[in-house]
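The values are calculated or read from the model by the stated rules, or taken from the named source; none is laboratory data. Just so it is clear, the model here is predicted, and its values are computed rather than measured. Counting neighbours? That spans all protein chains shown, and the Cβs are built from the backbone with ideal geometry, glycine included. Heavy atoms of the whole protein, side chains included, go into the accessibility calculation; ligands, DNA and RNA do not. Shrake-Rupley method; radii C 1.70, N 1.55, O 1.52, S 1.80 Å.
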Amino acid sequence: MAASMRTFVRSLSLKNVCFSAVLRRSDCRCFSGAAEDRSTHFGFETVSETEKASKVYQVFENVAQKYDVMNDAMSLGIHRLWKDALLHVMHPQPGARLLDVAGGTGDIAFRFLEYVRSQQERQQRRAVSFQQTPSWRDVSDRYPDGGGAPESAVVVCDINKEMLKVGRQRADSRGVTTGLSWVVGDAEELPFNDDQFDLYTIAFGIRNVTHIDQALKEALRVLKPGGRFQCLEFSKVTNPVLERLYDVYSFQVIPVLGEVIAGDWKSYQYLVESIRKFPDQEEFQGLMEDSGFFCVQYFNLTGGVVALHSGFKL
């Protein structure tokens, strides 16, 4: 009888162990499946979030060397005016610190440094014209540490090393050696401490981010109180006639240009599709406000082909 009881207990214990193991395996499968099932869009294609990040990286790795040439070809050079508009609205002053995210080839960074330099020269000319050249005591009082006027600086942060490589090559060819840094980093998890920058820009990059809301929260985190966020992005065309022409041009011309100039049809097909999946002006304004930005507004450029979004951290 005792032997039979011991056999029954061992059998029951073994069943419990097996049942627990099944539960653990089941739990693991459910958790893993939930993670794998989280899907998003890659252009018009539905993919997992991990797959999108990999695909976007590959797109920009493929187009890096021809990226700036294709920008001129696709926009007929108008992208230069859009970026100039961003700088004029920003109106940075000497001493400002800018973080340019997804700015790999340096277009915004170079414009920023040139704009600040022009502001410095304008201030110097104005001082001379009004005969207000400061004395050594005025200068000393203004900069008690003796370090001179504060220098502006821009950090270009991009997740794609190939894009940054092109940016560094452009900086070398222009002779830009000071006030400019290049950092590999993810817009959703920026490698910077809180309250570091006066200005944050992201031009034609945020639509490629998997979690836009997380990128906006990171932008808010790294900005100083009073700092400004600006986003230049393709948006919703407001004129019906222009919208039809824009659609034809986007889907029938841009991928062909990508194939002819960059040897890459698929990457530019994705870029066109990603524009159509991005939130329109009002929706993106709402995302900015939900993330904690204040005084949020947008300006349509070229009939809404592009929108310039702006907001402040208070």
Practice item. Give, as a single signed number, the net charge of other residues whose beta carbon lies under 12 Å from the beta carbon of ASP194, with Lys and Arg counted +1 and Asp and Glu -1. Key: +2
Review point. What full-extension length gain, to one decimal in nm, is calculated for THR177 and THR302 as 0.36 nm per residue of separation minus the Cα-Cα distance?
Key: 41.6 nm
Review point. So what are the ³J(HN,Hα) numbers for the range 208-218, from phi and the Karplus equation (6.51, -1.76, 1.60; θ = phi - 60°), rounded to whole Hz, Gly and Pro as x?
Key: 8, 7, 5, 10, 4, 4, 5, 5, 5, 5, 5
Check your understanding: Which order do peptides 295-308, 96-109, 244-257, 196-209 fall in by mean Cβ count within 10 Å, highest first?
Key -> 96-109, 196-209, 295-308, 244-257
Point to revise | Local electrostatic count at GLU273 - Lys and Arg +1, Asp and Glu -1, tallied over other residues with Cβ under 14 Å | key: +4
Review point. GLN58 to SER129: FRET efficiency via 1/(1 + (r/R0)^6), r the Cβ-Cβ distance, R0 41 Å, to the nearest 0.05?
Key: 0.15
Point to revise | Carbon and sulfur %, accessible surface of the range 181-314 computed with the full protein complex present, 1.4 Å | key: 54 percent
Study note, to complete from the structure: 1/(1 + (r/R0)^6) with r = Cβ-Cβ of GLN93 and ASP213, R0 = 35 Å, i.e. FRET efficiency to nearest 0.05, evaluates to 0.70
Check your understanding: Looking only at the range 37-70, which residues have a backbone nitrogen under 19 Å from a spot 7 Å from the Cα of LYS161 in the C-beta direction?
Key -> 53-66
Study note, to complete from the structure: Subtracting the Cα-Cα distance of GLU189 and GLU151 from 0.36 nm times their residue separation yields 11.0 nm
Revision key, fill the gap. With every protein chain kept in place and a 1.4 Å probe, the range 235-314 has an accessible area per residue in Å² of 50 Å²
Point to revise | R0 of 30 Å, Cβ-Cβ distance VAL241-GLU289: FRET efficiency to nearest 0.05 | key: 0.45
Review point. What is the spin-label model distance, in nm, from ALA85 to GLN65 if the labels are put 7 Å beyond Cα along the C-beta direction?
Key: 3.3 nm
Revision key, fill the gap. Spelling it out for LEU99: with amide H atoms placed in the peptide plane at 1.01 Å from N, the residues 5 or more places away or on another chain with amide H under 5 Å from its amide H are VAL155, LEU199, TYR200, THR201
